[in-house]
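Chemist: Structure below; questions to follow.
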Amino acid sequence: MTDERFIPFSLQHGLIALGGFIAIAICVVAGRRRGTPERVARALLTFITLGSYAVSQWAWSQVPSEVSLDNLVPFHLCDIASFIAGFALITRRRTLILLTYFWGLAGTLQGIATPALDFAPPHPVAIAFFLQHFSVIAAAVYFPAAEGWRLAEPWWHEPLKAFAWLNVYVVFAVLANGLLGTNFGFLAAKPTTPSLLDHLGPHPYYIIWLEIIALVLFALLSLPVRKGHRGSP
């Protein structure tokens, strides 16, 4: 086990991202084939998304120093998105698929681009981190690419619904941070590692910018999943 610090934008980071996206592509291809490949892909994705919290807790138990409450309670946006993705794969409820798609591609993808991660692979914490994040992104891509999921009409209604649910999370995360002294959603302070937030001004103004960016990203992510878009069923 290594205690080396993870270095963003390094060769290691690039290779991990490449491997993760190749795995996502394989999952989507399997899902599109139907039959046994589709069942295996869906079952594996469901298992990983719902089991990633348990893996994460085991990983943090391997850290000899005291672990913060932020890493013990699954209340970061990506933690919640992981549970939502798992239940979306099981139930196929539209609201859960909707949140998986928008939260996964607008939020969790950012976690891969700029990981808030102190440990480098093969440390269990790093492995658990990438396993969770890539599984959420895989589920977000799986629904439209493998199953043909598309937005209901009018197309702008569901992105706004996902944005509204995002703000419900923001309210509860801010309350939790105030009561517990945590930093869920990085809404109390910026992460110590490099991230998009470094370019959005001081707290709390960067939260306003995050809201604007999220709304723009949701609008852009709506374009390929509108009914009538090329590739729609």
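The values are calculated or read from the model by the stated rules, or taken from the named source; none is laboratory data. Just so you know, these numbers come straight off a predicted model, no measurement behind them. Counting neighbours? That spans all protein chains shown, and the Cβs are built from the backbone with ideal geometry, glycine included. Ligands, DNA and RNA are excluded from the accessible area calculation, which covers all protein heavy atoms including side chains. Shrake-Rupley method; radii C 1.70, N 1.55, O 1.52, S 1.80 Å.
Chemist: Please give the contour-minus-distance gain from L72 to S10: 0.36 nm per residue of separation, less the Cα-Cα distance, rounded to one decimal in nm.
Modeler: Between L72 and S10, full extension yields 19.5 nm more.
Chemist: Which order do you get for R42, R92 if you rank them by accessible area with a 1.4 Å probe, largest at the top?
Modeler: Output order, biggest surface exposure first: R92, R42.
Chemist: Please compute the contact order of the range 47-157 in relative form: average sequence separation of alpha-carbon pairs under 8 Å and at least six residues apart, divided by the residue count, as a percent.
Modeler: It comes to 33 percent, rounded to a whole number.
Chemist: Which peptide among 75-84, 213-222, 143-152 comes first, and what is the full order, when sorted by highest mean count of other Cβ atoms within 10 Å?
Modeler: Top to bottom by mean Cβ count within 10 Å: 75-84, 143-152, 213-222.
Chemist: Based on the alpha-carbon gyration tensor of the chain and its eigenvalue square roots a ≥ b ≥ c, which shape applies: rounded if a/c is under 1.5, prolate if not and a/b is larger than b/c, or oblate?
Modeler: oblate
Chemist: Carbon-plus-sulfur fraction of the accessible area of the range 75-116, 1.4 Å probe, in percent?
Modeler: For the range 75-116, the apolar C and S fraction of the accessible surface comes to 67 percent.
Chemist: With charges set only on the Cβ (+1 for Lys and Arg, -1 for Asp and Glu), what does the dipole of the chain come to about its Cα centre, in debye to the nearest 20?
Modeler: 1180
Chemist: Continuing with this model, one more query. How high is the FRET efficiency between T193 and K227 when r is their beta carbon distance and R₀ equals 41 Å, given to the nearest 0.05?
Modeler: That gives a FRET efficiency of 0.55.
Chemist: Counting Lys and Arg as +1 and Asp and Glu as -1, what is the net charge of the other residues whose Cβ lies under 14 Å from the Cβ of W209?
Modeler: Around W209, the charge tally is -1.
Chemist: Would you mind counting up the charge near T49? Only other residues with Cβ under 15 Å from its Cβ, with Lys and Arg at +1 and Asp and Glu at -1.
Modeler: Taking every other residue near T49 into account, the sum is +2.
Chemist: Highest mean first, how do 16-27, 191-202 rank when packing is the count of other Cβ atoms within 10 Å averaged over residues?
Modeler: 16-27, 191-202
Chemist: Given a 1.4 Å probe, how much area per residue of the range 6-148 is accessible, in Å²?
Modeler: 44
Chemist: Once every DSSP H run of n ≥ 4 in the chain is given -39500 (n - 2.57) and the sum is divided by its residues, what mean residue ellipticity at 222 nm do you get, rounded to the nearest 500 deg cm²/dmol?
Modeler: After summing the helix terms and dividing by the residues of the chain, the value is -21500 deg cm²/dmol.
Chemist: A further question on this structure: Taking H placed 1.01 Å from N in the peptide plane, check which residues at least 5 places from F119 or on another chain put their amide H under 5 Å from its amide H.
Modeler: HN-HN under 5 Å from F119: F6.
Chemist: Right, next: Using θ = phi - 60° and the Karplus relation 6.51 cos²θ - 1.76 cosθ + 1.60, list the HN-Hα couplings for the range 64-70 in order, rounded to whole Hz, with x at every Gly or Pro.
Modeler: Working through the residues one at a time gives x, 7, 5, 9, 6, 4, 4 Hz.
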